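Shown next, in C-alpha cells, is the structure this report addresses.
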Amino acid sequence: MPYASPAPTRERAPLLLRSELQHRLDTLARAHRVPGAQLVLDTGSETVVLHTGVADVRTGAPFTDDTAVPVGSLTKPYTAALVMLLADDGDLDLDEPAAEYLPELRQLPEVTIRHLLGHTGGLPTGPDSDAAARTTATRYLSAVCTEKDALFPPGTDFSYSNAGYVAAGRLVETVTGMPWQEAVRALLLEPFGTGPVFVDTVAPGRPVAAGHALNAATGLARAVRQNLAPLEAPAGALLASAADLAALGAALAGRAKTLPPDVAEEMRRPQSGARPGALAHGWGAGVALYRQDARLWWGHDGNAMGTSCHLRADPDSGVVVAFTGNAGAATALWRELAAELEESAGVRVPAAIEPVGAGGPVPLAEPVTLAACAGDYRNGSIRYRVESTGDGPATLSVDGDLPLPLRCYAGLSYDLIAPDTGRPEPGGRFHRDPATGRIDRVQVSGRTARRAASD
C-alpha cells in the first residue's frame, strides 16, 4: 500500500535492531522495577516483537509474545471500532442522538453517538468501580447522564468519560442483540487473530499477566487484583498483548481489511471541540491524536490495576508502535523506551504530552489572579478543590487527597508540580464562562469539572 511519505525508520540490519531493542527493554524493565513488558515495532514492511521478564511474580511465569495484559482504557478503541462498523453497515448514524437507542440518555437529547466516542458529550466520568458493581448499566447511565450533571453543551469541549463508553457498549448490545463481549469477540478480536480474554475470563486459553504494585517498604513488586465492575467492560475489560494492539494499530493506519480504510479514516477524523489537554493533542471517534513534529500519530493509552499499555500509529508512514507493561511504573519505562527509538530505529514516537512549562517559564497572557480560580469544582461525584493562600502557589486536590501545587500559564493552562521532584507535569486548564468572564470550569488530566453552585 502506498503511503503519503516513506516510513521514517532508519536503515539497520534487522538482527542488530532486534538485539539493540531487546537489550534496552531488558535494561529499562530492571531499572524501573517492572516485572515484565512487551514491545512491538511494525514498520509496515518489517515487524519486531519483543518481551522481557515475568508475567506474574507469584508464579514466575515468563512473559511471552502471546501473553495477554489487562489494557484498561485501550479497550475503548475496540468498542469505538464496533460502533463505527455498525455505522458503516447502516445500522446507526453517528450524528443521531444516542437517546434514540438508549432511553436512559433521554435527559441529554443533544448528545450524539459521535459525542460519546470522542468524549465531547459533556458526560461526567461515572462512579468508581465499587459503586458501579452494585447497579445495572441502565440504572448507572440514568443516574449520571442527567441535565444537572452535564459539564458543558455537547460538542463544545472535552471530558474523558467512562460513562460515555458504558453507553457505547449498551448501544452495541442494543443494535446487535449480542452482549458486548460476544460482539467484540465475533466482529473484531477473532478477525484480528486476537485470542479473546477479559477481566472476568475464568479459563483464558492463553497466558495472561497480572498487574503489579511496588511495595514501598521492601522495594518488591506484588501482584494486584483487577477491580472493574461488569457493566464497565466496554470501557476497560480487555486483555491483549502488544502484538494484538499492533494489529489494531495497523487497522487504524488503514492496513487491515478487518477495519475498512474509510472506517479507520473516520475514526481518525478530529472532533470539533475535542481539546483533551494533558491526554493528547486532539481526539477522533475513539482514538487520540498525538502530534510529533509534522506528523500526526493516532492511538490510545490504557492503565488497569498495576499495568500501563500504549499504542501509537502513523497513517502516513504505516509505522505502528505498541507496548505493554505489568506495573504502574511501566509508564515511565514506556516514555524512556519511546525516546530511545529515535536513536535505535529512527522513529520519533509521541509517548506523552509535554507540560506547558517544559521549555521554561511562560507568562500569563491575560490578567487573572489565582484567587479567581479558587473554589470547588465537581465532575459527578468527584470533587476538585483549588486553593490560593496568596503566600505560596495555588494547589489542587482531588476528593481531599494531598494538594498539589499548580502553576498557571498563557490561556489559563496550568501544570501540576510533582512534590517529590519539583518538576512540572501536564495538568489542564481553566475555562471562563463566555457570558460572564468568570472562571467556571477546570480540566484536570482530561476530565472537566464544573464550579460548584455554592461558589
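Which residues, counting only those in segment 74-114, are part of a loop (DSSP other than H, G, I, E, B) and without any contact (Cβ under 8 Å) to a residue 60 or more places away in the chain?
Correct list: ASP89, GLY90, ASP93, ASP95, GLU96, ARG106, GLN107, LEU108, PRO109, GLU110, VAL111.
Which of the following residues is surrounded by fewer than 19 Cβ atoms within 10 Å (Cβ to Cβ) and over 29 Å from VAL202 (Cα atoms): GLY60, GLY90?
That would be GLY90, the only listed residue that is surrounded by fewer than 19 Cβ atoms within 10 Å (Cβ to Cβ) and over 29 Å from VAL202 (Cα atoms).
From the set of residues in segment 310-339 that are open to solvent by 10 Å² or more (accessible area, probe 1.4 Å) and assigned to a loop (DSSP other than H, G, I, E, B), which is nearest to THR120 (Cα to Cα)?
Top of the filtered list is PRO315.
Residue by residue through segment 177-194, note down the ones that are touching a residue at least 40 places away in the same chain (Cβ under 8 Å) and open to solvent by 40 Å² or more (accessible area, probe 1.4 Å).
Within segment 177-194, GLN181, LEU187, PRO191, GLY193 qualify.
Looking for whichever is within 17 Å of ARG383 (Cβ to Cβ) and either modelled with pLDDT under 95 or open to solvent by less than 10 Å² (accessible area, probe 1.4 Å) (or both) here; the options are GLY126, GLY118. Which one fits?
GLY126
Identify the residue in segment 34-46 that is outside any strand (DSSP E or B) and at pLDDT 95 or above and, among all such residues, is nearest to ASP314 (Cα to Cα).
Looking at the filtered set, the residue picked out is VAL34.
Return a yes/no flag: does segment 294-309 have any residue that is free of Cβ contacts under 8 Å to residues at least 60 places away in the same chain, among the aliphatic types (A, V, I, L, M) and either open to solvent by 10 Å² or more (accessible area, probe 1.4 Å) or under 23 Å from VAL347 (Cβ atoms) (or both).
Yes.
Filtering segment 145-170 down to residues that are in a loop (DSSP other than H, G, I, E, B) and among the aromatic types (Phe, Trp, Tyr), which residue is surrounded by the fewest Cβ atoms within 10 Å (Cβ to Cβ)?
Residue satisfying both the conditions and the ranking: PHE152.
Here is a check on your reading of the model: is ALA55 more than 22 Å from GLY284 (Cα to Cα), open to solvent by less than 10 Å² (accessible area, probe 1.4 Å), of a type in the set (Gly, Ala, Ser) and out of contact with any Leu (no Cβ under 8 Å at 6 or more places or on another chain)?
Judged against the criteria, ALA55 is a match.
Of the residues that sit in segment 224-283 and are under 28 Å from ALA133 (Cα atoms) and in a strand (DSSP E or B), which one is most open to solvent (accessible area, probe 1.4 Å)?
The qualifying residue most open to solvent (accessible area, probe 1.4 Å) is VAL224.
Going through segment 398-408 one residue at a time, which ones are buried (at least 20 other Cβ atoms within 10 Å of the Cβ) and in contact (Cβ under 8 Å) with a residue 24 or more places away in the chain?
CYS408
The values are calculated or read from the model by the stated rules, or taken from the named source; none is laboratory data. Just so it is clear, the structure is predicted and the values come from calculations on it, not from any experiment. Positions of Cβ are generated from backbone atoms using ideal geometry, with glycine treated the same way; all protein chains shown enter the neighbour counts. Please note that ligands, DNA and RNA were not included when accessible areas were found on the heavy atoms of the full protein model with its side chains. Shrake-Rupley method; radii C 1.70, N 1.55, O 1.52, S 1.80 Å.
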